[in-house]
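Read-outs throughout are calculated quantities, based only on the coordinates presented, and are distinct from any laboratory measurement. The structure displayed is predicted, hence computed values, not measured ones. Because the Cβ atoms are built from the backbone with ideal geometry, glycine has one as well, and the counts that use them run over all protein chains shown.
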Amino acid sequence: MTNEELKAYLTKNFPEAEIADGPQYIELTVKPELLVETSKKLKESSETLFDYLFCLTGVDYPDCMGVIYHIESTKFHHEMVIKVKTTNRTEPVIESVRSVWQTAKYHEREVYDLLGVKFSNHNDLRRLFLDDDWGFPLRKDYTDEVRIIER
Amino acid sequence: MAEIKEIFINSDNLETDEFKINMGPQHPAGHGVLRLVVTLEGEIVRNVDPNIGFIHSGIEKMCESLAYNQIVHLTDRMDYLSAHISNEAVCLCVENALQIEVPDRVKYIRTIMDELMRISSHQLWFGAYGMDMGASTALFYGLRDREKILDIFEETCGARVTLNYNMPGGLMFDIKPNFQKQVKDYIKFLRKKLPEYDKLVSGNIIFTERTKGVGILSLEDCIAYGVTGPSGRASNFSCDVRKHHPYSAYPFVKFEEILDTTCDTYARYYNRIREMWESLNIIEQLIDNIPEGDYAVKMKGVVKLPEGEYMQRVETARGDFGVFIVSDGKKNPYRVKFRSPGFSNLFAVNKMSKGIKIGDLVATLGALDPVMPDIDR
């Protein structure tokens, strides 16, 4: 599907989600509680078949914590973006999509490690790169005490 | 006596307890500092838990305080064997965001260098993988041929590994006058040498016995785990970014996406050998047709991307590499994420190695071609 067709399809099938035109991809912003349901639908629907999650990014936006999923269909080779945002900065929780895309399990561990976003229903949420007592370095309010990044 | 006999007859009593061993962080077959916590039952692998982060260098965080021109120089410290391709990814991302069209000359030269880089990466991997399997001659074959590519790199841009030849808007310098001749000589040279790889390793009975039918990863699992690059294509996963989302000069060339359906370690190995042949074909199509023109477009001293989120995917020697930039309109990015192919590939090792013998774990891991700085970032 081209981006226009994809947009029409999404508007029809996901009325409660927010759809925006990004510079490259159609961006679908969903409520955290609808994330897994939406992902499952997008993966399993025979028209979209988004079966390949190629990038999962956590972003500390000025007003919220966001997680961005870049997905692609290995059959049609169209791509799109799912976004989910939570305003709770102290204890951000988003449901894990590992039941939909297995690779998310490890990417979510990375996001938890670097941004402190917790993923519910994740069976193995340990830190990936850093020690347990380290802060969350990719947050914007992280203080770089040992001056490791900026000299 | 009767009791002992009973134990041997009733095999249920012979079960051993599962136990855990550490492979790494300093293991020669880890290709860097990688620690695998392996759960074993006898010599059968039951679970593999990769522990990474030993050389996590916080590149994504560093990028947030650097200008776009400076970020380019960090990316070749990640996957140092595909340095030029990672550089290009950042440059393409910035160029696409600014909607700059680079001259065709730049596209051609970038693609030729990409493919040379891919060959050199696969050659080093061939050597290292041979070493993993106990064939030290393979290392010398690989390094011997790689050396000549590095010489071409050195003459073109002064560096041998971390090239830094790209910059947003084009290339740092033009190619040298005898670049084309050197590359053409190299194609001839490698075409003679590649069959030697097959003679030495591909058809070797010791090698094939250890790799064929080992470490099976089905197509469904391959997509679910996001295993890309030659490792993914060995499971028939058509994931070549050059084919499906072409960039630079790839739309101008004809090449075959190397796919295999056997899904085992040997397929992953042989896919890379075939990819080297295909890379030579790509270079051959481009090398005589490099158009005249500028080698860079004039850019502003301070590059500022318009507000928005930009993604650029390229095909490195390890697979689908992505650069994701969130810009808030300032001179440095708000957030940069590198989607590294090695990261996704590595975590599939658990799926591949369940039920295999501990001795085959090295072969299974090596065939994924892990480069640790690429995984840890």
Inset, instruction - Work out, step by step, the length gained on full extension between B:LYS192 and B:ASN22: first 0.36 nm times the residue separation, then minus their alpha carbon distance; give nm to one decimal. - result: 57.0 nm
Inset, instruction - Starting from the Cα gyration tensor of segment A:28-151, multiply each eigenvalue by 5, take the square root, and state the resulting semi-axes largest first in whole Å. - result: 28, 14, 14
Legend entry - Total charge dipole magnitude, chain B, about the Cα centre, Cβ charges on Lys, Arg, Asp, Glu only, Debye to nearest 20: 960
Legend entry - Expected-Rg normalisation [2.2 N^0.38 Å, Cα atoms] applied to segment A:1-97: 1.04
Inset, instruction - In vacuum, with every alpha carbon of segment B:185-237 counted as one equal point scatterer, what does the Debye formula give for log10 I(q)/I(0) at q = 0.13 Å⁻¹? Two decimals, please. - result: -0.51
Legend entry - C-alpha long axis of helix A:3-13 to longest principal axis of chain A, angle in °: 90
Inset, instruction - Arrange the following residues from fewest to most other Cβ atoms within 10 Å of their Cβ: B:PHE343, B:PHE19. - result: B:PHE19, B:PHE343
Legend entry - Tilt relative to chain B, helix B:136-157 - C-alpha long axis, 0 to 90 degrees, to 10: 10
Inset, instruction - Please express the Cα-Cα pair-distance distribution P(r) of segment B:50-165 as a list of whole percents, one per 5 Å bin, running from 0 to the bin with the greatest distance. - result: 2, 11, 17, 19, 18, 15, 11, 5, 3, 1, 0
Inset, instruction - Could you tell me which of A:THR103, B:ASN96, B:THR39 has its Cα farthest along the dipole of the protein assembly as shown towards the positive end, charges placed at Cβ (Lys, Arg +1; Asp, Glu -1), taken about the Cα centre? - result: B:ASN96
Legend entry - Computed E for A:GLU91/A:GLU18 - FRET, C-beta separation, R0 30 angstrom, nearest 0.05: 0.80
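Rounded, prolate or oblate for segment B:223-291? Axes are the square roots of the Cα gyration tensor eigenvalues, ordered a ≥ b ≥ c, and the cut-off for rounded is a/c under 1.5.
In terms of gyration-tensor shape, oblate.
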Inset, instruction - Take every Cα-Cα pair in the protein assembly as shown and report what % of them are more than 38 Å apart. - result: 28
Inset, instruction - Over all alpha-carbon pairs in segment B:3-376, figure out the percentage whose distance exceeds 25 Å. - result: 56
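For segment A:33-85, take N as its residue count and report Rg(C-alpha) divided by 2.2 N^0.38 Å. Working shown, then result.
Working: Rg = 11.9 Å, N = 53, 2.2 N^0.38 = 9.9 Å.
Relative to the 2.2 N^0.38 Å estimate, segment A:33-85 comes out at 1.19.
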Legend entry - More than 16 angstrom apart: percent of Cα pairs within segment B:265-361: 76
Legend entry - Pair A:TRP134, B:HIS245: separation of 7 Å Cα→Cβ label points (nm): 2.8
Legend entry - Mean Cβ neighbour count within 10 Å, used as a protection proxy, ranking A:90-96, B:350-356, B:125-131 highest first: B:125-131, B:350-356, A:90-96
Inset, instruction - Fewest Cβ neighbours within 10 Å first, please rank A:LEU6, B:LEU36 accordingly. - result: A:LEU6, B:LEU36
Inset, instruction - Report relative contact order for chain B in percent, whole number only (criteria: Cα-Cα under 8 Å, sequence separation at least 6). - result: 26
Legend entry - 0 to 90° range, to nearest 10: angle between helix A:104-115 axis and chain A longest Cα axis: 40
